[in-house]
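Notes to accompany the following structure.
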Amino acid sequence: MKDAWGRWGEEDEIGAINLIDAAKVRGAGTLIRQGRVISLAQPLSQKTPVPKHRSGVQHFMNRDGGDYAAGGRQPGGFQFAEDTIVMPLQIGTHIDALCHVWYDDALYNGFSGNTVRSTSGGARCGIDKMPPIVGRGVLVDMVRLKGKPLVDGEPVSKGDLEAALSQTGVTIEPGDVVLIRTGWLERNEGAKEIDFNREPGLDVEGAEWLANAGTAAIGADNFAVEVLPFPEKTVFPVHQRLIRDFGIALMEGLVLEQLAGEAEGAFFFVAAPLPITGGTGSPLTPLAIF
């Protein structure tokens, strides 16, 4: 299926973020009343949880206080520190580029899967093509709806989304950024072992409902946004439908507990991926302002 292909032109590489125009940004700005800013990002460190098939964060100091203690030069008394980070782009709080997932050898908008190469990353739909995401954010709080964090394997359906939204009186509008709180991240905080193969999350029906409502981007507090394990005979079906078919970027690993406790309904949302040329994703610090 090619639900959004060609909608914004044959050369489009940013997908549903096109739905956020200047009027949407101005309208979202009216939601700022207190001037309260909340970060929705996990701290990044060597302790940041990551699936076993990916390396974790590697943090190296290139220059530190020990260099001076060992007699390092201090021209004019000047001292400094600097460091290097090596890490996967899909770790902690991050966003998936539209070249992250595809099937039938075609990316979003029909670009060839062969444009994603080991030497250069994604020539099409890379994270460098994705603009900052600035607009109206909407929290869908499944923990509030259910009265507790969702259990592993519990789907978030269309009916669940509608019920949670009805508690706040918010209706999804074209160009909205929808954030789904499952409680998964909160439930696993401090855990020594996390099973990344089992978690609550969005099912295909719910994903299609959000896409057809005009959602510009979707985020969640779990690792995959979608429910795991997958339905029988499918592999990342929500990723396939949203990223490849609808051109909707997914934000994963968001910290939503504080937002749920302080914000009611809609809020001003802003997040900007690092413009890594050909990147399949990017670390992210999303902000909620209200």
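The values are calculated or read from the model by the stated rules, or taken from the named source; none is laboratory data. This structure is a prediction, so every number in the text was calculated from the model and none was measured. A quick note on method: Cβ atoms are made from the backbone with ideal geometry, for glycine too, and the neighbour counts reach across all protein chains shown. Keep in mind that these areas ignore ligands, DNA and RNA; they rest on the heavy atoms of the full protein, side chains included. Shrake-Rupley method; radii C 1.70, N 1.55, O 1.52, S 1.80 Å.
Report the normalised scattering of region 86-132 as log10 I(q)/I(0) at q = 0.23 Å⁻¹, calculated by the Debye formula with identical scatterers on the alpha carbons. The Debye formula, applied to the Cα set alone, gives -0.86. For the chain, the relative contact order is 31 percent, taking Cα pairs closer than 8 Å that sit 6 or more residues apart in sequence and dividing their mean separation by the residue count. When you filter the trypsin sites (Lys or Arg not before Pro) in region 49-139 for DSSP loop state and at most 14 other Cβ atoms inside 10 Å of their Cβ, you are left with Lys52, Arg54, Arg73.
Put the Cα centre of region 168-182 next to the Cα centre of region 1-66 and the gap is 16 Å.
For region 100-156, what is the relative contact order in percent, using Cα pairs closer than 8 Å and at least 6 residues apart in sequence? That works out to 14 percent. Kirkwood analysis of region 19-91, using all unique Cα-Cα pairs, places the hydrodynamic radius at 17.1 Å.
Pairwise Cα separations in region 106-170 fall into 10 Å bins from 0 onward with the following percentages, short to long: 17, 27, 18, 30, 8. Note on region 1-122: Cα convex hull, mean projected area over all directions, 14.5 nm². Dividing the mean sequence gap of close Cα pairs (under 8 Å, 6+ apart) by how many residues region 51-176 holds gives a relative contact order of 16 percent.
Here, the chain yields an orientationally averaged convex hull projection of 18.3 nm² when only Cα atoms define the hull. Candidates Phe267, Ala16, Tyr103 compared by Cα position along the dipole of the chain: farthest toward the positive end lies Phe267, with charges placed on Cβ.
Give me the percent of accessible area attributable to carbon and sulfur for the chain, probe 1.4 angstrom. On the chain, the fraction of accessible area on carbon and sulfur atoms equals 51 percent. The region of the chain that goes longest without hitting one of the GluC sites (Glu not before Pro) in a DSSP loop, each with at most 15 other Cβ atoms within 10 Å, is 12-188.
Using only side-chain charges placed at the Cβ, +1 for Lys and Arg and -1 for Asp and Glu, the dipole size of region 149-214 relative to its Cα centre rounds to 120 debye.
Normalised by 2.2 N^0.38 Å, where N counts its residues, the alpha-carbon radius of gyration of region 184-290 equals 1.13. Taking 27 Å as the limit for the C-alpha separation, the pairs Lys47/Lys129; Lys52/Lys233; Lys148/Lys192; Lys24/Lys129; Lys24/Lys148 exceed it in the case of Lys47/Lys129; Lys24/Lys148.
For region 76-83, putting each phi into the Karplus relation 6.51 cos²θ - 1.76 cosθ + 1.60 with θ = phi - 60° gives couplings of x, x, 6, 10, 8, 10, 8, 8 Hz, in residue order, rounded to whole numbers and with x for Gly and Pro. Treat region 173-242 as a sphere of radius equal to its Kirkwood radius over Cα pairs and apply Stokes-Einstein at 25 °C in a medium of 0.890 mPa s; give the translational diffusion coefficient in µm²/s, rounded to a whole number. The estimated diffusion coefficient comes to 191 µm²/s. In order along region 246-254, the Karplus-derived 3J(HN,Hα) couplings, from 6.51 cos²θ - 1.76 cosθ + 1.60 at θ = phi - 60°, round to 9, x, 9, 6, 10, 10, 10, x, 6 Hz, and Gly and Pro are given as x.
With all protein chains kept in place, the per residue accessible area of the chain amounts to 47 square angstrom at a probe of 1.4 angstrom. The long axis of helix 158-168 is offset from the longest Cα principal axis of the chain by roughly 80 degrees. Against the empirical curve 2.2 N^0.38 Å, the C-alpha radius of gyration of region 86-202 lands at a ratio of 1.29.
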